[in-house]
Structure formats: C-alpha cells, structure tokens
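Everything on this sheet refers to the single structure shown next.
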Amino acid sequence: MSWFRRVEKGIVTPTELKKETPDGLWHKCPECKAVTSKAEHRQNLYTCPKCDHHDRINSQEYFEILFDGNAFTELDENLSSGDPLHFVDTKAYPDRIKATQRKTNLKDAVRTAHGKANGLDLVVACMDFNFIGGSMGSVVGEKISRAIDYSRQHNIPFMMISKSGGARMMEAGFSLMQMAKTSAKLALLSEAKIPYISLLTDPTTGGVTASYAMLGDFNISEPGALIGFAGPRVIKETIGKDLPKGFQSAEFVLEHGFLDFIVHRKALKDRVAQLIAMLAPETAPLKEKTAKKSASK
Ligand SMILES: [Zn+2]
C-alpha cells in the first residue's frame, strides 16, 4: 500500500499560478556546491561561507572592498587601445576592443584609482579578467606606469591587484615591452622608498607574473589562486615529468617561498592598511610634522 494516493487525476497548474524562484537569487559554490543567497554571497565578499572558496571578482568589487565608503578618484579612465599591428584573427582587433568595451563597460583590462583605505592614502591598480582575459597590452602597461608615477609624485603607497592570462597577443611585442616599462617604473618607486604591495589573485600568469606581480615589497595572494608563468600542460610536456599535487596554487607558491602570505578577502583591507602603516609610517605623521613645524614658526 502506498502512503499517498492521488485522488484527482491530471492536475494541471496554469503558468500564472506556478511558484518559481526568479533567476539570479541564489549562488552555488563551484567548489563545494553549497548554495547561498546572492545577497549573502555578496556580503561575504564573494567567498563561500562553507569552504572559503574565493570567487573571481573585478575592479569594481575590489575598489568597493578597499576604499573607504567606495570613494575614489579614477586615474586615466579614458585610455583606450590602438591597433599598431593591424591585427586580425577571427575579428579585427579594433572591433574586438569595441565589442568588449560594450560588453564589459570597461575601457581596457586595468583600472587605476586613488582613495583611502582605513584613512590611509592608497593608489590601486586593479586588473579586470573579463576584458580579453585580463591580458596586458599597451594600455594596461601605460595605465599602471602612470599610476606608479602618480604614487611617486604624491608620495602615496601603491597597490597592484593582478588577474591576468598574460600578455595580449594582438599587440605582440608592444605587450612584452610593458613588462620592462612597468618594472622600470617600480624600480623608481622603490628608489623613492614608497611601498608597493602586490596582490596576486586567481589567475595570475604569463608576463604579468614575470614582471610587476612579483616585484612587490610584499607579494600576497588570495587562497586557492592559480599563480604561474606557463600553464601546467606546457611545463609537463617540457620537463617530461608529472607535476606535484596542488602545483601553481597560492598555497604551493607560498610554501616554495614566492609569496609572503595568503590573506582571506575579508581580512584584505585591514592587512593592507597595516602594511602601509608599517612600511610608510611617515605618510600620515609627515603631514602632522610639517603642520607642527609651520605652526611653531
Ligand atoms: Zn564552497
């Protein structure tokens, strides 16, 4: 005997009476499959409350996390890419740029801004992976270089948030030159004794890893981020050996001495502010000192 019996046959619910959850209310963790509401996920800074998986986020979210009251001044926001090589793959490069700009509402794969984190001045350059794989072309290199110049001119610590598939192949050699350019600018920043914090997020690879991402006074990362130069398949084929477990994860890279620490996204702002206060104690008190001096005169 069954527990339940259908008394009426052929029950049909009209469409307007069907109870459905609207799309986009829930978030499913790609790692542990736990389901949370979109609002809760956002409140958790796009990390999973169950397994701490860090979802990829973009410059908009990082600026919101880092800058007090989401207040900041964007630098060089209208720089856009040229087409020095008249490059055409499945699409002409200028068409690809225009289509991506329309789709993402971004001008290129990095945004730079000046704001305050816990009351301390900070210049942040943050890459956007959804703009042609966060690839580093001449605009990315130029904007980062100008942001570093801005840091130097105003004596403000610089933070880079990397998220990139590497150099932008549509600009070939022009992309590769950005590695030397940004590295040289960072050397000047170091000479001026202005702190540079580099945050490597999922994924940071190729020419970005091989230049500014690894040049921080502190190189830090988010849990589980993929960090590497070449992809695992290429390395495996080159050395002809199987790769160790967890190869190229932030934890593996930390264990092998290429990172200073891994920071949970919820602790990011406070840790960055701590580092700035520790590395550049003169930034905040300097103004007080000069104020006192001028007051005593
Ligand atoms: Zn999870």
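Since every read-out is calculated from the coordinates, none of them should be taken as a lab result. For clarity, every value in this text was computed on a predicted model and none was experimentally measured. Cβ sites come from the backbone with ideal geometry, for glycine too, and all protein chains shown count toward neighbours.
Qualifying chymotrypsin sites (Phe, Trp or Tyr not before Pro) in the stretch 1-105, where qualification requires a DSSP coil assignment and no more than 12 other C-beta atoms within 10 Å, comprise W3, F4. Based on Cα atoms of the chain, Rg over Rh with Rh as the Kirkwood radius reads 1.09.
Applying 1/(1 + (r/R0)^6) with R0 = 45 Å to the Cβ-Cβ distance of V234 and K38 gives a FRET efficiency near 0.75. The ranking of T204, T238, T47, T182 by Cβ neighbour count inside 10 Å, starting from the fewest, reads T238, T47, T182, T204.
Taking the 0 to 90 degree range and rounding to the nearest ten, how far is the long axis of helix 268-279 tilted relative to the main principal axis of the chain, both from C-alpha atoms? For 268-279 against the chain, the angle is about 10 degrees. Step through the table entries K33/K269; K103/K266; K193/K266; K38/K266, compare each Cα-Cα distance with 22 Å, and write down the pairs that go over it. Long pairs (Cα-Cα over 22 Å): K33/K269; K103/K266; K193/K266. With R₀ set to 35 Å, the beta-carbon distance separating E255 from R5 gives a calculated FRET efficiency near 0.05. Normalising the average separation of contacting C-alpha pairs (under 8 angstrom, six or more residues apart) by the number of residues puts the relative contact order of the chain at 13 percent. Residue order for L199, L189, fewest other beta carbons within 10 angstrom first, comes to L189, L199.
With respect to the chain, whose longest principal axis is taken over its alpha-carbon atoms, helix 172-191 is tilted by about 60°. The fewest-to-most ranking of M136, M177 by surrounding Cβ atoms within 10 Å reads M177, M136. Of interest is the spacing of the C-alpha centroids, which for the stretch 1-62 and the stretch 90-164 amounts to 33 Å.
In summary, the stretch 74-113 shows an alpha-carbon radius of gyration equal to 1.25 times the 2.2 N^0.38 Å reference for compact globular proteins. Computing FRET efficiency as 1/(1 + (r/R0)^6) for F247 and A192, where r is the C-beta to C-beta distance and R0 is 35 Å, gives about 0.40. P(r) tail, the stretch 1-123: Cα-Cα pairs separated by more than 22 Å, 65% of all pairs. Restricting attention to the stretch 119-253, close to 5% of DSSP beta bridges with both partner residues there are antiparallel. Relative to the longest principal axis of the Cα atoms of the chain, the long axis of helix 283-296 makes an angle of roughly 40 degrees. Using a 4.7 Å Cβ-Cβ cutoff, the cysteines of the chain lacking any partner cysteine are C126. Computed from phi, the 3J(HN,Hα) profile of the stretch 141-152 under the Karplus parametrisation 6.51, -1.76, 1.60 (θ = phi - 60°) reads x, 5, 5, 5, 4, 5, 5, 5, 4, 4, 4, 5 Hz, with x in place of Gly and Pro.
Secondary structure note: in the chain, about 50% of the DSSP beta bridges are antiparallel.
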